[in-house]
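Notes follow the structure.
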Amino acid sequence: MSPYALPLFGRLAWIDVVLLGWFLLVLIAVIYVAWDAFTKLPEPGVIKSAWVLTTLYLGPVGAAFYILADKEPRPGEHERYVAPMWKQALGSTLHCVSGDAAGVIIAATITGLLGLPMWFDMTAEYVLGFAFGLFIFQALFMKDMMGGSYRKAVTSSFIPEWVSMNAMMAGMFPTMVAVMMGRDMRAMDPRELLYWGTMSLAIGVGFVTAYPVNWWLVSKGLKHGLMTVRPSDDAAISHGAHEMSMETSKP
C-alpha cells in the first residue's frame with residue numbers, strides 16, 4: 001500500500017489535503033450554527049434545521065450567511081433584523097436548497113455506489129430532490145402555516161418549489177457534470193473526499209442561481225422568507241418578517 005493511501009479514500013492527493021482542511025472548517029461551522037440556532041434563534045424548527053443543513057453543505061459560507069441574515073443581534077430585535085428583502089430572499093433560498101440538496105445527495109450517493117450511468121443518476125437526483133423538497137421541507141414542515149392541511153400545503157407549494165428547484169439545478173447540474181466528467185474520476189465515487197467536495201461546490205453554485213428567483217417569488221408572495229417565533233405566540237409563528245419588510249419599505 002502506498003504511504004499516501006487512506007483506508008477509506010484511496011490515494012491522498014493534494015486536493016484531499018485541501019478538502020480535509022475544508023471539512024474541518026465545515027464541522028466547526030455546523031457545531032456553532034446548530035448550537036446557536038437551537039438555543040437562541042427565534043425561528044421555526046424547520047428554518048433552524050435548514051440553517052444546519054445549509055452550513056453542512058457550505059461550511060463557513062453558510063455560517064456567515066446565518067450570522068449576517070438571521071442571528072438575532074440583541075434580544076427582541078429579530079423581527080426588524082430579518083426584515084430587509086435580501087434577507088427574506090436568502091431565507092427562501094435557504095429553505096429550498098436545504099431540502100432539495102438533501103434529496104439530490106441521497107440519490108447521487110446511492111447511484112454512485114451502485115455505479116449507475118450518468119443519465120440515470122441525474123434523473124434520480126432531480127426527482128428525489130424535488131420530492132424531498134416539496135413533500136417534506138415545504139408541505140410537511142410548513143403545513144401549519146397553511147391551515148394544517150398537508151394536501152393544501154402540497155398544492156400551494158408545488159409551482160413555487162418547482163420553479164425554485166429548477167433555478168438551483170441550473171447551477172448544480174452543470175457544475176457537477178463539469179467536475180465529475182473531468183480527469184479525476186474519483187469525483188463520481190461517494191467513497192472519495194473529492195465526491196463530497198464536488199457536491200459542496202455544486203450546491204454553492206446552485207444556491208447562487210436560485211437566489212434571484214427566490215427574491216422574485218418572495219416579492220410576489222409566492223414563498224415565505226425568514227420568520228420570527230416567540231414563546232408567547234399562541235399560533236407558534238408570529239407575523240412573517242416579509243410582511244414587516246413590506247411595511248418598512250413604504251415611504
Over 18 Å between Cα atoms, which of Lys48/Lys220; Lys87/Lys152; Lys87/Lys223; Lys71/Lys223 qualify?
Lys48/Lys220; Lys87/Lys152; Lys71/Lys223
Taking only the alpha-carbon positions of the range 14-248 as identical scatterers, the Debye log10 I(q)/I(0) at q = 0.07, 0.08, 0.11, 0.14 Å⁻¹ comes out as -0.22, -0.29, -0.55, -0.88
Which whole-percent values make up P(r) of the range 56-165 when all C-alpha to C-alpha distances are grouped in 5 Å steps starting at zero?
2, 12, 16, 16, 18, 16, 10, 5, 2, 1, 0
Cβ charges +1 (Lys, Arg) and -1 (Asp, Glu), total dipole of the range 14-248, debye
140
Most to least packed among 190-201, 35-46, 89-100, 51-62 [average Cβ atoms within 10 Å]
89-100, 51-62, 190-201, 35-46
By the scheme Lys and Arg +1, Asp and Glu -1, what is the net charge of all other residues having a beta-carbon under 13 Å from that of Met176?
-2
Just to confirm my numbers, what's the Cα centroid distance between the range 23-40 and the range 91-114 in Å?
20
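No lab work stands behind these numbers, since they all come straight from the coordinates. Computed from a prediction, not measured in an experiment: that's the story for all the values here. As a convention, Cβ positions derive from the backbone with ideal geometry for all residues, glycine included, and neighbour counts pool all protein chains shown.
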